[in-house]
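Notes follow the structure.
The values are calculated or read from the model by the stated rules, or taken from the named source; none is laboratory data. Remember, it's a predicted structure, so these values are computed and weren't measured experimentally. Quick reminder, even Gly has a Cβ in these numbers, built from the backbone with ideal geometry, and neighbours come from all protein chains shown. Accessible surface is based on the protein model in full, side chains and every heavy atom, while ligands, DNA and RNA are left aside. Shrake-Rupley method; radii C 1.70, N 1.55, O 1.52, S 1.80 Å.
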Amino acid sequence: MEGMNILDQKFDVAIVGAGPAGLSAAYYLAKKGFKTAVLERGREVGSKSIYGGRIYAAPLKEIYPNFNSIPVHRWVKRERISIMPDYESMISIDYQGKEAISFTAYLTEVVKWMGIQAESAGATIITDVPVTNFYKENNKVSGVVSGEDVLRSDVVIDAEGVNRLVLEASGIVKPLKPELVALGVKEVLKGESKQIEDAFGLSQNEGLAWVFLGAATANTPGGAFLYTNRDSVSLGVVVLLDKAIANVKDHVSQLVESLRTAPALKNYLQNLRISEYSAHLIPEDVWSLRPERLVYDGLLITGDAAGLLLNAGYTYRGVDFAAYSGYLAGKAIEQAHAKGDYSAGSLSSYESMLEESIVIKELKRFRKVHEVMKNGLLFEKYPKIMSGVMKRMFENSDGPSKAWDAINESCKENQYSMLKLLIDGYRMVRSL
Amino acid sequence: MSAPERKLRLTDIINVNIWDVDSKPHIVVNYDKCKNCPTKACVRLCPTGCYTETENGILFSYEGCVECGTCRVVCPMEAITWTFPKSGKGIFYRFS
């Protein structure tokens, strides 16, 4: 190829992006003896990594035998969902469990840890290199391009994340549309670990995951979240991007600012200082976002780039799903290598393994949640109705209303019929 | 009465971040296309406020960019040429 500088060194596998998907693939493959290179655009592994704040452990335990050394901040033992009709009041459901299945952490630290695992297994991580395209020989992906440089490999894993510049450049996907993604904006608020434990009533190593609906997103479909880290709080807002274009009138950062300064949260967030401000796009309509195939000749697509992220309404699962897809991509390459064939047909065991795995099973189970989310009722009408109910029950100076009367009156006030409310409730439960 | 809540400006908030700003912008905006934009969604939705609306139209500065990709997705005019910063430049996250 003219003007291209083809590097002498060739790898068995080249991986685009040192995130959870790319590094988990690299770890597996390097362990199996594959000469593996991971190309990362950031200066350090983890320096571009950002997410909401909690990771589900089970898939990572399967991938990493020494999972115990992963940099956990707190194990989530408490879950809270709050509906905020306004910034002063909220209606909350609290859950306190015995077994924690997820933990809070900084993704920057977790990804760095995954990088160490991959390197210890023998993978090569090359930082400061943004991949710009795939390198093709006879229409088969046979390496990666960064500017003028070409790094050749037998097979490539795309783990570039949600902004799929490489897949776009190669014509596999079209640019993202607002209805396919959500925007997450987050502040990390730092204090002392004791301070976090006192404010949220947590014991050492114990964490809280808190979700807010309603006013917290300016009644835009999405959600707001608070996770307790070791000595900090991750506070953020997620809004579906197409709805945000119409709904968010002030600057989007104002949503986090309003949440941070909300009277309803005042007692929790005192004396914490902002230590980082970050933002990220989140796959939302994952079935439309998914590329036509997840395997092509010489190529496998993993993680956010493949749309493998679950929005369950009350929680997101992205990091563990990404990692697991990378791990399965690694397995598929191992099988294809044994056959001496990296064609799409040979690599398609990746798609079938994924189909049978927790990743696609969970995505299918929650398929209808996206429909419920898109219908704005959950974020505007219901919080107002519920708030009306609660106010009638708890703030009625003539004595509390009967719950049924309170619901009836609040529905009338918000011009919504009780029958509709019941049908919505039934539908919603059916979709979960 | 409790003291009023201290409000922070976006510029103060994003100043806590660490960047290695590239000498050349990684995002290029075709301002001519912005003139007829019906939404100007970038002004409200770029999380770090890189886009501002002035008398003379949209003004873009790339220095505070956290590379999230929002502007490119919300732009209805296809006015934005969007790439990642070159070799290791741009945002450097530590606690996210």
For A:W287, which of the numbered conditions (1) part of a helix (DSSP H, G or I); (2) open to solvent by less than 20 Å² (accessible area, probe 1.4 Å) fails to hold? (2)
With A:L202, A:L183, A:L176 as the choices, which residue is under 20 Å from the mean Cα position of the chain (by Cα) and either assigned to a loop (DSSP other than H, G, I, E, B) or free of Cβ contacts under 8 Å to residues at least 60 places away in the same chain (or both)? A:L176
Take A:M386 and tell me if it is of a type in the set (A, V, I, L, M) and in contact with a Ser or Thr (Cβ under 8 Å, 6 or more places away or on another chain). yes
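Yes/no per residue for (1) at the interface with chain B (Cβ under 10 Å from one of its Cβ atoms); (2) at pLDDT 95 or above; (3) within 27 Å of B:V74 (Cα to Cα):
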residue: A:K243; (1), (2), (3): no, no, yes
residue: A:A246; (1), (2), (3): yes, no, yes
residue: A:K249; (1), (2), (3): yes, no, yes
residue: A:S253; (1), (2), (3): yes, yes, yes
residue: A:R260; (1), (2), (3): yes, yes, yes
residue: A:K266; (1), (2), (3): yes, no, no
residue: A:Y277; (1), (2), (3): yes, yes, yes
residue: A:L281; (1), (2), (3): yes, yes, yes
residue: A:W287; (1), (2), (3): no, no, yes
Residue within region A:148-156 that is at the interface with chain B (Cβ under 10 Å from one of its Cβ atoms) and either at negative phi or basic (K, R) (or both) present: no
Could you please find all residues in region A:396-409 being of a type outside the set (V, I, T) and either touching a Ser or Thr at 6+ places or on another chain (Cβ under 6 Å) or modelled with pLDDT of 80 or more (or both)? A:D405, A:A406, A:N408, A:E409
In region B:50-96, what count of residues is obtained for those that are more than 8 Å from chain A (Cβ to nearest Cβ) and without any contact (Cβ under 8 Å) to a residue 24 or more places away in the chain? 9
Can you tell me how many residues in region A:398-426 are part of a loop (DSSP other than H, G, I, E, B) and not aromatic (F, W, Y)? 8
Go through region A:221-237 and count every residue that is away from chain B (no Cβ under 11 Å) and in a loop (DSSP other than H, G, I, E, B). 1
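Among the residues of region A:166-224, which ones are among the hydroxyl-bearing types (S, T, Y), farther than 19 Å from A:L281 by Cα and open to solvent by less than 40 Å² (accessible area, probe 1.4 Å)? So that I can check it myself, show each step before the final result.
The first filter runs over region A:166-224 and keeps only residues among the hydroxyl-bearing types (S, T, Y), leaving A:170, A:193, A:203, A:217, A:220.
Pick out the ones that are also farther than 19 Å from A:L281 by Cα and you get A:170, A:193, A:203.
Of everything in region A:166-224, just one residue is among the hydroxyl-bearing types (S, T, Y), farther than 19 Å from A:L281 by Cα and open to solvent by less than 40 Å² (accessible area, probe 1.4 Å), namely A:S170.
Restricting attention to region A:183-217, which residues are in contact with a helix residue (DSSP H, G or I) (Cβ under 6 Å, 6 or more places away or on another chain) and of a type in the set (A, V, I, L, M, F, W, C)?
Filtering region A:183-217 down to residues in contact with a helix residue (DSSP H, G or I) (Cβ under 6 Å, 6 or more places away or on another chain) leaves A:183, A:185, A:187, A:208, A:214, A:216.
Answer for region A:183-217, where residues must be in contact with a helix residue (DSSP H, G or I) (Cβ under 6 Å, 6 or more places away or on another chain) and of a type in the set (A, V, I, L, M, F, W, C): A:L183, A:V185, A:L208, A:A216.
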Quick one: A:D424 ticks every box in (1) open to solvent by 40 Å² or more (accessible area, probe 1.4 Å); (2) among the charged types (D, E, K, R); (3) at pLDDT below 85 bar one, so which box is it? (1)
Output the residues belonging to region A:239-282 that are under 20 Å from B:R72 (Cβ atoms) and small (G, A, S). A:A244, A:A246, A:S253, A:S278, A:A279
Turns out the helices (runs of 4 or more DSSP H) fully within region A:300-392 with at least 2 residues that are among the hydroxyl-bearing types (S, T, Y) and open to solvent by less than 40 Å² (accessible area, probe 1.4 Å) are A:319-339, A:349-356
Can you name the condition, by its number, that A:N163 falls short on among (1) away from chain B (no Cβ under 14 Å); (2) crowded, with 21+ Cβ neighbours inside 10 Å? (1)
Being in contact with a strand residue (DSSP E or B) (Cβ under 8 Å, 6 or more places away or on another chain) and outside any loop (DSSP other than H, G, I, E, B) is the filter here, so list the residues in region A:238-257 that pass it. A:V238, A:V239, A:L240, A:L241, A:K243, A:A244, A:N247, A:S253, A:L255, A:V256
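Out of B:G64, B:G88, I need the residue that is open to solvent by less than 40 Å² (accessible area, probe 1.4 Å), of a type outside the set (V, I, T) and over 15 Å from the mean Cα position of the chain (by Cα). Which one?
Exactly one of B:G64, B:G88 is open to solvent by less than 40 Å² (accessible area, probe 1.4 Å), of a type outside the set (V, I, T) and over 15 Å from the mean Cα position of the chain (by Cα), namely B:G88.
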